[in-house]
Amino acid sequence: MIERHEHLGKLVTDATAQLSTTSPWLVVSTSPAHPASAEFNAASGKDVQRWVGRQVADWPAPIPLGGEHPDVRTDRLSFAPPRQPGRTANSYYYEFHSDGSALGGLQVGTLQNSPPAGEPVWALGEGAVAWITIAMLRLNAAFAGHVSTLGEAAVQVTVICPVDPSPTVPIQVWNHAGGVYGPAGKRQYTSVSSARSAVDLTTCLSPRLAAAARPFLVDLLQQFGVSEPRHVDPSGVIRRRHFTGHDELIHAWANAIGIPSEP
């Protein structure tokens, strides 16, 4: 499994060139212990495109992943928004590899002034971290099943910090615990350690999905001084009320993918 974790490190490093350097990204990557052996072509690329569109249709936020044709190489399919005039970077990015590995990234965070001094920070929403981690872990597991390599895998959840503008603005986790959107922990960082573990991806296609994702949330959030995730309880049940303003969308999503939730 050490080899697969090293493989993930290389995937993340290589993919970073496709991500914006001006805002944070949450990246979830997986690499099966027993890689598949396949090749992609234009036809299989279209099949995966349609498959991806069905997989993300129930996500609680409208991410148009799969709405565009992938970049097709024999060993990799990559999805990103079409380049537009004035757009310097992607807002999402996804790679599916012929060995069953997958890497997905979404831009996260908004610039806020952190009290009491009002210094600028990238406010990383705790709820966004929760649902995105769970959703991308499930999509990666579903892809492993799609190419018949479901089972134990190396998993890595990474927050890629922005390097522009200068001076670098730190990241801080925010939530609505105090009744208004504000800092959840006092710690701010300009670099964050990745959360890594081995996971049976079969679990990620079952009602135990959120339970499988929770240790990664704990690992990431504790770095910012947040001791326990508010959005997933220790048994792996989604706490919808903490997704402030989005509880109905989260309810529909949880029901669609078959994971337990409570008000």
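Data table
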{"quantity": "Qualifying residue in region 4-16 (condition: outside any helix (DSSP H, G or I), open to solvent by 60 Å² or more (accessible area, probe 1.4 Å), acidic (Asp, Glu) and more than 16 Å from Gly145 (Cα to Cα))", "calculated": "no"}
{"quantity": "Number of positions in region 62-78 that are of a type in the set (A, V, I, L, M, F, W, C), assigned to a loop (DSSP other than H, G, I, E, B) and open to solvent by less than 30 Å² (accessible area, probe 1.4 Å)", "calculated": "1"}
{"quantity": "Every residue from region 143-179 that is touching a Leu at 6+ places or on another chain (Cβ under 6 Å) and either closer than 18 Å to Ala33 by Cβ or of a type in the set (Ser, Thr, Tyr) (or both)", "calculated": "Ala144, Leu150, Ala153, Ala154, Gln156"}
{"quantity": "Positions within region 40-63 being touching a strand residue (DSSP E or B) at 6+ places or on another chain (Cβ under 8 Å), closer than 28 Å to Leu249 by Cβ and without any contact (Cβ under 8 Å) to a residue 40 or more places away in the chain, in sequence order", "calculated": "Gln49"}
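The values are calculated or read from the model by the stated rules, or taken from the named source; none is laboratory data. As the structure is a computational prediction, the values presented were derived from the model and not from experiment. Cβ: placed from backbone, ideal geometry, glycine included. Neighbour counts: every protein chain shown. For accessibility, only protein heavy atoms count, side chains too; no ligands or nucleic acids. Shrake-Rupley method; radii C 1.70, N 1.55, O 1.52, S 1.80 Å.
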